[in-house]
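The values are calculated or read from the model by the stated rules, or taken from the named source; none is laboratory data. Since the model is a prediction, treat every value here as computed from it, not as a measurement. No Cβ is skipped: glycine too gets one built from the backbone with ideal geometry, and neighbour counts run over all protein chains shown.
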Amino acid sequence: MIEYINRIEKGIYAVLMAMLVVVLVFAIFDLATVLLDALINGTPGLIDTHEMITVLGGFLLVLIGVELLDTIKAYFRENTIHVEIVLLLAIIAIARKVILLDPSSMTGYEFGVEMMGIGVIIVGLAGGYFMIKKAGITAGPAAGKETE
């Protein structure tokens, strides 16, 4: 019974990986069109600040997708989920949030509270990543073995 469930789980991961590849291909095309549009229709040689933020946000979104794909590939290879990859993915996602944050759409108080919340999240994620790397924690078949 467990072997049957494991096969189903692997099949679900395979379908998710195929769908993620399709999403990433479309995201890259979207990023390329936004970048080309900004370069062609904007000031020659310059990209407007709003367009730059859009391009960076799209770039980081593709990077998040690639890291997520890497997590799924690692699961297929080693049958484990690497916590450090997931933490890096969360750090990239919060960095994307900071880059795309528009302070003009909120009051000063709301902006301050949001920035403090983001700061707490960043410190927590960075601290967790540091502790995992320092401890050499792994999960799955390699658990219990010392890593350098």
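Each row is one residue, and each column tells you yes or no for (1) touching a His at 6+ places or on another chain (Cβ under 9 Å); (2) among the β-branched types (Val, Ile, Thr); (3) over 30 Å from residue 135 (Cα atoms).
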residue: 25; (1), (2), (3): no, yes, yes
residue: 59; (1), (2), (3): no, no, yes
residue: 74; (1), (2), (3): yes, no, no
residue: 77; (1), (2), (3): no, no, no
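Note on the range 36-71: residues that are of a type in the set (Asp, Glu), over 15 Å from the mean Cα position of the chain (by Cα) and surrounded by fewer than 16 Cβ atoms within 10 Å (Cβ to Cβ) amount to 2.
Screening residue 80 with (1) part of a loop (DSSP other than H, G, I, E, B); (2) farther than 28 Å from residue 19 by Cβ gives one miss only, at (2). Taken across the range 24-35, residues that are at pLDDT below 85 and either surrounded by fewer than 13 Cβ atoms within 10 Å (Cβ to Cβ) or more than 30 Å from residue 136 (Cβ to Cβ) (or both) do occur, with at least one present. For the range 19-60, the set of residues classified as part of a helix (DSSP H, G or I), more than 29 Å from residue 81 (Cβ to Cβ), without any contact (Cβ under 8 Å) to a residue 40 or more places away in the chain and among the hydrophobic types (A, V, I, L, M, F, W, C) consists of 29, 32, 34, 35, 36, 38, 39, 40, 52, 55, listed by residue number. The single condition among (1) surrounded by 10 or more Cβ atoms within 10 Å (Cβ to Cβ); (2) in a helix (DSSP H, G or I); (3) modelled with pLDDT under 85 that residue 16 does not satisfy is (3).
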